Amino acid sequence: MPLSPLAPERVQQLLAQLERNGPRENGQLAVGRRLLREHPDLPLTDFAIASSSRPEPGRPQHNLILRLKEHDTEGITAWARALGTEPVIDGARYQLDTALDGIGIWASATIPEADYDVDQAVFVLSGDDVSFTHQGLLVTEFGEDGDLLFTGHPPVREVLAATSAYYRHICGQRLRAYGDHVLTESITRGWCRFVAYPTREDWRIRSASQDTSGALPVTWMYVQEGDTQDLGEPVHCPTCGRPSRGLDYDHVTGQRVHLCPSPACRHLWPVGASAAPEADHAATEQDQRPALAAR
């Protein structure tokens, strides 16, 4: 694919943008001018400026990000070679990561999935790829709603226990059924392939039939259909004495309150109004599967 050089008017637009937004004292503006002056024939859609108060050892504090089209890997390669280096290739992702006059220069583009050998990128998930493990189950969050993915087709009780443990230890929350909904109805089983696209670290899930090469059994828990409750330090309900970690908000005052877990009590009292008990916390750490199955 031929490179698309910048039109002279676009060069002037980018220069004007840099002068408006680029801090002169940090050097990004001067480096941006130099790049446009010395390499007007290379593709570029935009600039971005970034700085770090605590850069990693050996890394520049101030950076200039070159923005190219999403899949312009040839453009990344051309910029890298023009600056005396080679692109860093990780799977389908090409990156420019270098420095000029003390300013970091960074850019990225990705080979389109349709043009990538996805079959060669299929892999078997391991504990290093997920955010949580529970009694041998690999658990990871997917999507933006806190839904969970489990490897294999474990029994429902194990899925509920792992879901409870994940929300308790990772999110600091208790997951409960919402209204008349039963969380077991939120469990779905199927098959998929784990694909190292665009990179092994930034992998993807692709649904597949059981007979697809590389397909593995998986279980989904759609927890957005449940109700979460924040957890705090254990305290005793001043009304019934039952230990509680549940937190809520008073819907009238908006004040943070403790919530007694006893269905017969459900007392609310302000956070800080009771001390943590000296007894062990086993009562508050017991298995939540009954609460998950039905409120």
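Tally up the carbon and sulfur contribution to the accessible surface of the range 123-227 as a whole percent, 1.4 Å probe, everything protein left in place.
Details: 2270 of 5050 Å².
Here it works out to 45 percent.
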Packing-based ranking, highest mean first, of 248-255, 163-170 given that Cβ atoms within 10 Å are counted: 163-170, 248-255
Backbone HN-Hα couplings from phi across the range 72-84 [Karplus 6.51/-1.76/1.60, Hz, Gly and Pro as x]: 7, 5, 5, x, 4, 4, 5, 5, 4, 5, 5, 9, x
Cβ-Cβ FRET estimate between residue 170 and residue 54, R0 fixed at 25 Å, reported to 0.05: 0.45
Local electrostatic count at residue 208 - Lys and Arg +1, Asp and Glu -1, tallied over other residues with Cβ under 13 Å: +1
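Would you mind calculating the gained length between residue 129 and residue 85 on full extension (0.36 nm times residue separation, minus the Cα-Cα distance), in nm to one decimal?
Working: separation 44, 0.36 × 44 = 15.84 nm, distance 3.07 nm.
So the chain would gain 12.8 nm between residue 129 and residue 85.
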Amide H partners (placed H, <5 Å) of residue 42, local residues excluded: 6
Tensor-based shape of the range 1-125 (alpha-carbon gyration tensor, a/c under 1.5 rounded, otherwise prolate or oblate): oblate
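In what sequence, highest mean first, do 68-79, 40-51, 207-218 appear when ranked by Cβ atoms within 10 angstrom? Don't skip to the answer; put the middle values down first.
Details: 68-79: 19.5, 40-51: 16.1, 207-218: 13.7.
Ranked from most to least packed, the peptides come out as 68-79, 40-51, 207-218.
The values are calculated or read from the model by the stated rules, or taken from the named source; none is laboratory data. Because the structure is predicted, anything quoted here is derived from the model rather than measured. When we count neighbours, we look across all protein chains shown, and the Cβ atoms used for this are built from the backbone with ideal geometry, even at glycine. The protein model used for the area step is the full one, side chains on, heavy atoms only, and it has no ligands, DNA or RNA in it. Shrake-Rupley method; radii C 1.70, N 1.55, O 1.52, S 1.80 Å.
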